[in-house]
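Working notes for the structure below.
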Amino acid sequence: MAEITQTPMKGAVREAMEAQVGNEFHAAYLYLSMAGSFEVANFPGFAHWMRSQAKEEVEHATKFFDFLIERGESVQLPAIPAPTGSFRSPLDAFEQSLAHEKKVTAQINDIYAHAVRENDYPAQVLLHWYIEEQVEEEASASQIVERLRMAGDDPTALLMLDSEMKSR
Ligand SMILES: [Fe+2]
Ligand SMILES: [Fe+2]
């Protein structure tokens, strides 16, 4: 049972975290839809990477959800918009992923700013984890973007990269 003697959270950080549960699920949707497109295009390695990414995003969403519950807050889950999901090439897909991660980084930083303004120390501690995680997320997407740029239109190079992604 959730602890009910917690200090109640203040408005802005609570609301932003609740919205972020939806944002993280939206990211999971986006990656899952990309995984499907990669399966269809016969890139099982890229599909595997996207599928693992989708699972991680569900964990990110659940971590915020659990934190809110632990703080004694009731959570009104927001609607999850459908992912756009279409891309022209593996490079295009990973560029979209990187752009999406940058957007999420901005969202996390924004929640952190609320947590500082509202002197919510436990929220700040939780958000440190997300801040570090976003550095990793951007770095790994950006590394794949760079390598796909090097591969260009060379099918052999693309298939090698795809094969490498299977072991993520
Ligand atoms: Fe995330
Ligand atoms: Fe992410």
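The values are calculated or read from the model by the stated rules, or taken from the named source; none is laboratory data. It should be emphasised that the depicted structure is a prediction, and the values quoted were computed from it without experimental measurement. Note that we place each Cβ from the backbone using ideal geometry, even for glycine, and neighbour counts take in every protein chain shown.
Pairs are defined by a Cβ separation below 6 Å, a sequence spacing of at least 6 or placement on different chains, a first member in segment 134-163 that is of a type in the set (Ser, Thr, Tyr), and a second member that is in a helix (DSSP H, G or I); the pairs so defined are SER142/LEU98; SER163/GLY45.
Modelled with pLDDT of 95 or more, within 11 Å of ligand 1 (Cβ to nearest atom) and assigned to a helix (DSSP H, G or I): does that describe ILE108? Yes. Within segment 138-165, restricting attention to residues that are within 16 Å of ligand 1 (Cβ to nearest atom) and closer than 24 Å to ALA41 by Cα, the residue that is surrounded by the most Cβ atoms within 10 Å (Cβ to Cβ) is ALA141.
Any idea which residue in segment 111-137 is surrounded by the most Cβ atoms within 10 Å (Cβ to Cβ), counting only those that are more than 15 Å from ligand 1 (Cβ to nearest atom) and hydrophobic (A, V, I, L, M, F, W, C)? Looking at residues that are more than 15 Å from ligand 1 (Cβ to nearest atom) and hydrophobic (A, V, I, L, M, F, W, C), I get ALA123.
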